[in-house]
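Data block below; observations after.
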Amino acid sequence: MKEFIILWVDDEIDLLKPHILFLEKKGYKVITAPSGQEALSEVKENNFDIVFLDENMPGLSGLETLSEIKLIDSTLPIVMITKSEEEYIMEEAIGSKIADYLIKPVNPNQILLSLKKNLDHSRLVSEKTTANYQQEFRKIAMDLAMVNIWEEWVDLYKKLMYWELQLEAIEDNSMCEILDSQKTEANHQFSKFIDANYPDWFANNGPILSHTLFKTLIAPEIEKDKTLLVVIDNLRYDQWYAFEETLSNHYKKRQENAYCSILPTATQYARNAIFSGLTPLEMSKKHPNWWKNDTDDGGKNLHEADFLGAQLKRLRLDINWEYHKISSLKQGKHLASNFNSQKNNDLTVVVYNFVDMLSHSKTEMDVIQELAGDDKAYRSLTLSWFKNSPLLEIIQQAQQLGLKLIITTDHGTINVKQPSKVIGDKQTSLNLRYKTGKSLTFNEKDVLSATNPANIQLPAINVSSSYIFAKNDLFFAYPNNYNHYVSYYRNTYQHGGISLEEMIVPFIILDPR
């Protein structure tokens with residue numbers, strides 16, 4: 001174990017000799033300074049791991065010494081020790097980003113605990129987290145063999161997300177690799193579960209699906225309070241966890257649900273289904289002028305506001321509402337600067353497209369591929385965007401107006417790793433995670449195939465059209481120019497197929513603080 005070097009600053013340092021001997025027996029090296037001025041000289045000349053600093057000293061006070069040390073080395077942990085319990089001293093010290101705060105008289109074990117928290121924290125957390133996951137590994141493996149209903153899959157997926165976030169914090173590559181293998185196995189079993197159960201969910205009591213989300217979860221909330229509904233395109237559950245803490249400064253989470261994105265897990269199907277309250281097949285029949293198939297020209301999500309208006313009318317919700325789609329920084333800033341105009345609306349809908357654009361940029365731009373090389377980096381990049389985005393400003397203003405906040409998405413996304421060959425005619429759709437067309441040739445073990453699209457509430461472009469959906473982390477590749485195609489799309493984020501990451505998506509209700 002590394003020998004840690006402590007600087008202990010106290011004008012009565014001789015009285016602390018027993019504490020110093022105790023720490024030296026524990027393997028720590030202790031340097032002493034009887035005044036703030038001498039402490040500053042020591043910090044300039046030596047590399048200390050931590051400083052114990054007495055608050056009440058003649059000459060430079062503890063708080064003054066603290067400020068000066070931070071100017072020399074802002075990262076050096078400082079533990080303030082004081083006889084005083086006055087609140088203003090605590091607040092001053094904490095505001096200066098101290099590592100800990102101890103009240104005299106201190107005993108050796110208090111000092112040791114503070115050292116463990118500040119110097120051994122990473123090692124101790126790493127060892128404990130690794131041990132806990134090793135214990136949990138067997139339980140997750142057993143759960144995987146037994147899980148057979150939607151709610152159990154949601155719980156299992158959240159458990160995998162929890163351990164992914166815990167293990168990424170300790171950067172134990174061996175444990176992360178084991179977890180990745182469990183995620184792969186989970187997606188393999190989840191694909192079998194969807195294959196066996198998905199068609200029945202449209203007729204029986206299955207989970208909340210995209211087209212039932214608004215009526216089931218959103219409409220009851222609108223009737224109670226003025227609401228801001230934010231739909232962040234392509235938002236995965238782990239990305240929600242990444243910026244949940246930032247949001248907690250303004251809103252308190254009241255309810256969390258995980259609903260199921262319909263297939264294909266693609267914007268034109270899933271998001272249109274949310275706003276219309278209809279399945280894609282029903283949309284194509286009831287609103288043929290608004291619905292577009294994959295092979296049709298033009299934007300596929302140009303009528304979300306129209307779909308929403310028709311659904312509100314069908315649900316007999318006579319409310320004031322507005323719909324805003326944000327696809328650029330300029331649009332986001334414009335809405336943020338004018339958001340006060342939404343205060344009289346019962347419902348304000350904001351569709352934010354940044355995360356979707358980020359996933360596509362990873363495919364097309366080398367710099368984004370480097371910044372979002374894996375799920376950990378992808379989460380980090382999403383968090384950085386959110387903290388600096390007009391969306392956070394919009395949410396802050398909504399909180400000031402007392403609006404309830406609902407955050408959700410239309411589908412998630414998955415980092416694709418392995419290609420699966422597919423052959424189709426010129427009318428075959430272009431998406432990498434699903435295909436629809438007349439003459440599809442594919443590897444049956446890699447896909448869920450829907451030869452009769454109406455069984456899963458999808459429209460057929462022509463009489464002989466079928467759909468296939470990629471499972472696990474596969475992506476479809478054509479035999480022509482195969483190697484170039486595979487190299488270009490491997491390790492990019494795609495959606496449209498079947499995976500925990502794409503289909504289990506968050507729905508969060510929050511109240512203003």
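Some values worked out for this structure:
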{"quantity": "Matching helices (runs of 4 or more DSSP H) fully within region 348-462 where at least 2 residues are surrounded by 21 or more Cβ atoms within 10 Å (Cβ to Cβ) and modelled with pLDDT under 90", "calculated": "354-364, 375-387"}
{"quantity": "Those residues of region 1-48 which are within 16 Å of P77 (Cα to Cα) and hydrophobic (A, V, I, L, M, F, W, C), in sequence order", "calculated": "F4, I5, I6, L7, W8, V9, V30, I31, A39, L40, V43, F48"}
{"quantity": "Matching entry among N443, N431 (being among the polar types (S, T, N, Q), without any contact (Cβ under 8 Å) to a residue 60 or more places away in the chain and not assigned by TED's automatic domain parsing to the domain that holds R236)", "calculated": "N443"}
{"quantity": "Evaluation of K471 against (1) surrounded by 21 or more Cβ atoms within 10 Å (Cβ to Cβ); (2) under 19 Å from A273 (Cβ atoms) (one fails), failing number", "calculated": "(2)"}
{"quantity": "Sole exception among (1) in contact (Cβ under 8 Å) with a residue 12 or more places away in the chain; (2) farther than 18 Å from I456 by Cα for D297, by number", "calculated": "(1)"}
{"quantity": "Selection count, region 234-247, where residues are within 18 Å of E393 (Cα to Cα) and either of a type outside the set (A, V, I, L, M) or in a strand (DSSP E or B) (or both)", "calculated": "5"}
{"quantity": "Subset of region 232-268 [aliphatic (A, V, I, L, M) and touching a Lys or Arg at 6+ places or on another chain (Cβ under 7 Å)]", "calculated": "A242"}
{"quantity": "Every pair of residues 6+ apart whose Cβ atoms lie under 7 Å, when the first sits in region 149-166 and is free of Cβ contacts under 8 Å to residues at least 24 places away in the same chain while the second is assigned to a helix (DSSP H, G or I)", "calculated": "K159/I140"}
{"quantity": "Filtered residues of region 462-504 (kept if β-branched (V, I, T) and more than 26 Å from N452 (Cα to Cα))", "calculated": "V486, T492"}
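Condition check ((1) farther than 19 Å from S61 by Cβ; (2) among the hydroxyl-bearing types (S, T, Y); (3) in the same structural domain as L113 (by TED's automatic domain parsing)) across all residues:
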position: D10; (1), (2), (3): no, no, yes
position: D14; (1), (2), (3): yes, no, yes
position: P18; (1), (2), (3): yes, no, yes
position: V30; (1), (2), (3): yes, no, yes
position: P34; (1), (2), (3): no, no, yes
position: E38; (1), (2), (3): no, no, yes
position: S41; (1), (2), (3): no, yes, yes
position: E45; (1), (2), (3): yes, no, yes
position: F48; (1), (2), (3): yes, no, yes
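The values are calculated or read from the model by the stated rules, or taken from the named source; none is laboratory data. Predicted model, so just to flag it, every value in this text is computed and none were measured. In this analysis, Cβ positions are derived from the backbone assuming ideal geometry, glycine residues included, and neighbour counts consider all displayed protein chains.
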